[in-house]
Amino acid sequence: MIFLASFAEAAAFYSHYAQLPPLQSSAKQSWIFILVDDGKLCEQCDEFRGEAYQIEDQSELEESFPYGEQLDANTFACNVHPNCRCIVERQE
C-alpha cells in the first residue's frame with residue numbers, strides 16, 4: 001500500500017500514473033461471426049455470414065456492434081437487432 005504525505009505528492013503521483021497507456025496485449029485476436037441459420041435468419045445477420053475480425057482490443061468489437069455485450073472471455077453477443085441470436089466467437 002502506498003501512503004502519500006501531502007496533497008501535492010498525491011497530485012504528482014496521480015498525474016504521473018494517469019498518463020500511462022492502458023495495459024493491452026499487442027497480439028491480435030481472431031474472432032468470427034457465428035449466425036443461427038435455422039430458417040428464421042434475418043437479412044441483417046446474413047450480411048455478416050462468415051465475417052472474420054482481427055482485433056487488438058475488445059472496444060473494436062463494441063464499435064462494430066454497439067448494442068453487443070461480452071458473454072464470456074470467448075463469446076460476444078452481437079445484438080445486431082432485437083432478439084438477435086448471433087454471436088462473435090474468439091478463434092484459438
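FYI, it's all coordinate maths here, none of it is from the lab. It should be emphasised that the depicted structure is a prediction, and the values quoted were computed from it without experimental measurement. When we count neighbours, we look across all protein chains shown, and the Cβ atoms used for this are built from the backbone with ideal geometry, even at glycine.
Using Cα pairs closer than 8 Å and at least 6 residues apart in sequence, work out the relative contact order for the stretch 28-91, in percent. Rounded, it is 40 percent for the stretch 28-91.
Each peptide in 75-86, 37-48 receives the mean, over its residues, of other Cβ atoms within 10 Å, and ordering these scores from highest gives 75-86, 37-48. In the stretch 52-86, which residues have a backbone nitrogen under 15 Å from the label point lying 7 Å from Asp38's Cα in the Cα-to-Cβ direction? Within reach of a label on Asp38: 83-86. Computed over the alpha-carbon atoms, the stretch 28-91 gives an Rg to Rh ratio of 0.94, Rh here being the Kirkwood radius from the mean inverse distance.
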